[in-house]
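The structure under discussion appears below in the form of structure tokens.
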Amino acid sequence: MKKVRENKKWINGYHDVSAAVEELQLAYDFCRDGVTTEQELDEAFAAAAKAVESIELANMLRREEDQLGAVLKIVAGAGGTESQDWASMLFRLYQRWAESKKYKVSITNLQDGDEAGIKTVTMQIEGDTVYGYLKSENGVHRLVRVSPYNAQGKRMTSFASVFVAPLVDETIEVSIEPARISWDTFRSGGAGGQNVNKVESGVRLRYMYKDPDTGQEEEILIENTETRDQPKNKENAMRLLRSMLYDKELKRRMAAQAKIEAGKKKIEWGSQIRSYVFDDRRVKDHRTNYQTSNVQAVMDGDIDDFIKAYLMEFGGQEV
């Protein structure tokens, strides 16, 4: 049924473009004969261009992993309260974006900041092509503003890292070595309730990952406090582990491909990808140079134009 829906999407897309182009041809003929106005011709052209652009954008998302949901993790950078507040603003941004797309969002781990904001949050966003869209958000996001937490009212710069990995489903096979897994349990914090601080429902999964190319080992640490049911938290932690391992394999493929593709811009953890300058009313993506002055709309989750600019510039190179 998933393959049927995928094929149906392309067939419907073709019919939409075909119909829009036919309407444009008719509008041109009628305008030439004086039956319709130039404004109506312009409107038909805009509709046809939008239909073509829509199917071109979909064509940039034809990798296997692009069709999956996403695990999105936000980590506040150095800078204390200011950076933690910035992390919470990004958290709200991606929640609003997902809500506008009717995607399902669940919070698997959240650590509040010391005074305000958050230190880190991990979200699962489920829906078609979520990872395909959100992979453009992977990297460091920079905020410049007059800080409400600074008594002198100085202009401050803050950073937060956004990490995006595909959320694997039952169709994706990932190899996990059970001997490399260890578990800890802990008491989940929360607003209240009988189980809070009494039952160790929170789980902490540690997995010793060995790089198949270099042989180097690193520990993957996953915490899950999503529910008060420890078995469910363990099950979801394992799903997150599969997603992380799948993401590492994708990065290995991309690293090998990047050696061949000269001049391709890499998207890596630690790379600054976008700046949000509040007092200048400007948000700019440093990879595509796309920018907008509507800062408030961006902070309310309107990032589709940034995603589109990234995919149209780099999506074709990735395939």
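Before moving on, here are some points about what is shown:
- Excluding exposed DSSP-loop GluC sites (Glu not before Pro) (at most 14 other C-beta within 10 Å), longest clean stretch of the chain: 1-63
- Relative contact order for the chain, counting Cα pairs under 8 Å that sit 6 or more residues apart, in percent: 18 percent
- Simple point charges give the picture: +1 on the Cβ of Lys and Arg, -1 on the Cβ of Asp and Glu, and for the chain a dipole about the Cα centre of about 1080 debye.
- Glu200-Lys251 pseudo-label distance in nm [points 7 Å out on the Cα-to-Cβ vector]: 3.0 nm
- The tail of the calculated P(r) for the stretch 2-59 beyond 12 Å holds 67 percent of all Cα-Cα pairs.
- Spatial separation of Cα centroids for the stretch 1-79 and the stretch 101-160, in angstrom: 30 Å
- Percent of Cα pairs in the stretch 207-252 per distance bin of 5 Å, from zero to the largest separation: 5, 20, 26, 21, 13, 9, 5, 1.
- Relative contact order, percent, the stretch 1-87 [alpha-carbon distance under 8 Å, six or more residues apart]: 22 percent
- Quarter of the Cα convex hull surface for the stretch 36-175, i.e. its orientation-mean projected area (nm²): 12.7 nm²
- The alpha carbon gyration tensor of the stretch 16-118 gives principal lengths a ≥ b ≥ c with a/c of 1.5 or higher and a/b greater than b/c, which makes the shape prolate.
- Choice from Ala165, Ala27, Ala237 with maximal GNM fluctuation in the chain (Cα, 10 Å cutoff): Ala27
- Here the Debye sum runs over all C-alpha atoms of the chain as equal scatterers in vacuum, and log10 of I(q)/I(0) at q = 0.08, 0.10 Å⁻¹ comes out as -0.46, -0.70.
- Length available on full extension from Ala19 to Thr227: 0.36 nm per residue minus the Cα-Cα distance, which gives 70.0 nm.
- Cβ crowding within 10 Å ranks Leu250, Leu90, Leu241, Leu26 as Leu26, Leu250, Leu241, Leu90, fewest other Cβ atoms first.
- Available extension along the chain between Gln152 and Lys9 is 46.0 nm, counting 0.36 nm per residue and deducting the alpha carbon span.
Bear in mind that the values in this text are calculations on the coordinates, not laboratory data. Just so you know, these numbers come straight off a predicted model, no measurement behind them. Quick reminder, even Gly has a Cβ in these numbers, built from the backbone with ideal geometry, and neighbours come from all protein chains shown.
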